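> Sharing a structure with you now.
The values are calculated or read from the model by the stated rules, or taken from the named source; none is laboratory data. In this text the structure is predicted, and so the values were computed from the model without any measurement. Glycine also receives a Cβ, built like all others from the backbone with ideal geometry; neighbour counts cover every protein chain displayed. What goes into the accessible areas is simple: the full protein's heavy atoms, side chains included, and nothing from ligands, DNA or RNA. Shrake-Rupley method; radii C 1.70, N 1.55, O 1.52, S 1.80 Å.
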Amino acid sequence: SNISAHRPKNLLVYINPYGGKRRGKHIYEQKVAPVFRRAGIFTNVIVTEHANHARDHLKTEANLDDYDG
């Protein structure tokens, strides 16, 4: 069986810039994004700007049909 067939290819990513001792965006760009790139995964990254930003974005703007993770 091909394990990569079940791996997501299009991810919607939310980053809390205050996470990781306010290094959330840096940590994502340095450690996480390169792994996704090597795996051929497309990402749409939203850096949250206020409380409930991710929840509100999901409810209003995000088209979840575009993503599988």
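> Relative contact order, percent, of the chain when contacts are C-alpha pairs under 8 Å separated by at least 6 residues?
Relative CO of the chain lands at 47 percent.
> If you place +1 on the Cβ of every Lys and Arg, -1 on the Cβ of every Asp and Glu, and leave all else neutral, what size is the dipole of the chain about its Cα centre, to the nearest 20 Debye?
It comes to approximately 480 debye.
> Taking amide H atoms as placed 1.01 Å from N in the peptide plane, list the residues 5 or more away in sequence, or in a different chain, whose amide H sits under 5 Å from that of K9.
When sequence neighbours closer than 5 places are left aside, the close amide H contacts are D68.
> Determine the order of V47, V13, V35 by accessible area, beginning with the largest, at a probe radius of 1.4 Å.
Final ranking, largest accessible area leading: V35, V47, V13.
> Work out from phi, with θ = phi - 60° and the Karplus expression 6.51 cos²θ - 1.76 cosθ + 1.60, the ³J(HN,Hα) of each residue of the stretch 28-38, listed in order in whole Hz, and give x for Gly and Pro.
After applying 6.51 cos²θ - 1.76 cosθ + 1.60, I find 4, 5, 7, 10, 8, 3, x, 5, 4, 4, 4 Hz.
> Let me ask something else. Here are some values of semi-axes √(5λ) of the Cα gyration tensor in Å: (i) 25, 11, 8; (ii) 23, 18, 8; (iii) 22, 12, 11. Which one was computed from this structure?
Of the listed options (i) 25, 11, 8; (ii) 23, 18, 8; (iii) 22, 12, 11, (ii) comes from this structure.
> Using amide H atoms built 1.01 Å from N in the peptide plane, name the residues 5+ places from Y14, or on other chains, whose amide H lies under 5 Å from its own.
Amide H to amide H, under 5 Å and 5 or more residues apart or across chains, Y14 pairs with I46.
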